[in-house]
Amino acid sequence: MNRVIVFLVGVVVFSTMPAVVGAPASVSAQSAQPSCSFPFSATDATGTNVTVDSEPERVVALQPSAAQTMWEIDADGKVVGLPIGPTTSYLNGSESRTDVTGNDGFSTSIETVVSLEPDLVLAPNSVPNETVETLRNAGVTVYKFGLSGSIADVSNKTIRTGRLVGACGAADQRVASLNETVASIESATTGQDRPRVLYVMSGGYTPGNGTFIHEIITIAGGENIAATANITGYQQINPETVIQQDPQWIIAPDHMSTLPNRTAYAATTALEKDQTVRVDSNYVSQPAPRVVRPMETLAQTFHPDAFDAENVSSPSDGTNTAPGSQTTATTGPGFSVVAAVLAVLTLTGALFARR
């Protein structure tokens, strides 16, 4: 039996696969709208009925996932503020916007957001409700998204973002491309032997059932041993459990310079054979359209012949993508050393606050 271990950072949550391949019912209903019209009202994750009176011209994205989505639906020209740093540097032109990050490097600077006079603020689920309420009390229109628990949720979020900012057509097209790619990957991996996979975050935490990474692994044709071990959500996994599973592969984010638990896992097949795969941590940690990139990498790693035979339809990333920001796969234990700021992001929970 093939066995795999996955090392990555940051995440979001899982839902059933059937909703992934075909467009979910809610996506189909929204996609049926030929164009955007305003005013538009919708209830957000705080239970508030948010009304956007006219098409926004100035938009602030409070977290990288919202920014990525705006770039992917060709609405980046509307973005006047976003978190500036390693988690958004791959978005071409992002550095020319205003940084809305607080002095602590993670929270939102309320004063900066208000000063930008946005028509709309997009707040992913990791933004505290207190921040949302403070902005609303300052007269700012804020829409907060719920927790993205699946690829279907990413699709719905993309469609809703397009509806809110007046980019309905582009959002529909991007979601159709995303779903087509996911369907191709699932078709390639269906019926294949599933290598066993463990995804390890900083501090020995791992995503189990009910997590977004679990779904990425499953669609890519792997079996998440954390889920098999009845881990739900994000919990620490005992190294003895990993050793018992004898993983064959280690999959790590491209910025990770050292391997957690290398000594504890030394006897595993993965480390004995120096079999590793690295993926773009921004793509895998942000609930936005580019989550299919690491999924492709894993599927091609686990099932290369089936993947190539399927001729997986790969979505074209947004036209405003910084060059050289593709997900890559490598084998061997050599993890490149990166800037100290990225090392900080590997601390437990850091990327959760940057989604």
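The values are calculated or read from the model by the stated rules, or taken from the named source; none is laboratory data. What you see is a predicted model, and the numbers here were worked out from it, not measured in a lab. Cβ placement follows ideal geometry from the backbone for every residue including glycine, while neighbour counts extend to all protein chains displayed. Calculation scope for accessible area: heavy atoms of the full protein, side chains included, ligands and nucleic acids excluded. Shrake-Rupley method; radii C 1.70, N 1.55, O 1.52, S 1.80 Å.
General observations
- The peptide list 138-151, 233-246, 156-169, put in order of mean Cβ contacts within 10 Å with the highest first, becomes 156-169, 138-151, 233-246.
- LYS273/ALA45 FRET efficiency (R0 45 Å; Cβ-Cβ; nearest 0.05): 0.55
- 3J(HN,Hα) from dihedral phi, the stretch 263-273, Karplus parametrisation 6.51/-1.76/1.60, rounded to Hz, x for glycine, proline: 5, 5, 9, 4, 7, 6, 4, 4, 7, 4, 9
- Principal axis analysis of the Cα atoms in the stretch 117-234 yields extents of 54, 37, 18 Å, listed in decreasing size.
- Förster-model FRET efficiency, 35 Å R0, SER187 and GLU57, C-beta, rounded to 0.05: 0.25
- Placed amide H near GLU223: partners under 5 Å, 5+ positions off or other chain: ARG196, VAL197
- Taking amide hydrogens as placed 1.01 Å from N in the peptide plane, the amide H of VAL279 sits under 5 Å from those of ALA252, ASP254, each at least 5 positions away in sequence or on another chain.
- For VAL50, nonlocal amide neighbours, meaning residues 5 or more places apart or on other chains whose placed amide H falls under 5 Å from its own, are ALA42, THR43, ASP44.
- Dipole magnitude for the stretch 80-212: about 340 debye, using +1 per Lys or Arg Cβ and -1 per Asp or Glu Cβ, origin at the Cα centre.
- The label point for SER89 and the one for THR263, both projected 7 Å from the Cα toward the Cβ, are 3.2 nm apart.
- Working note: Cα atoms of the stretch 71-184, range along each principal axis, descending, whole Å: 44, 27, 25.
- Diffusion coefficient, µm² s⁻¹, Stokes-Einstein with Kirkwood Rh over alpha-carbon pairs of the stretch 214-262 at 37 °C and 0.692 mPa s: 266
- Sulfur and carbon atoms: percent of accessible area, the stretch 207-294 [1.4 Å]: 41
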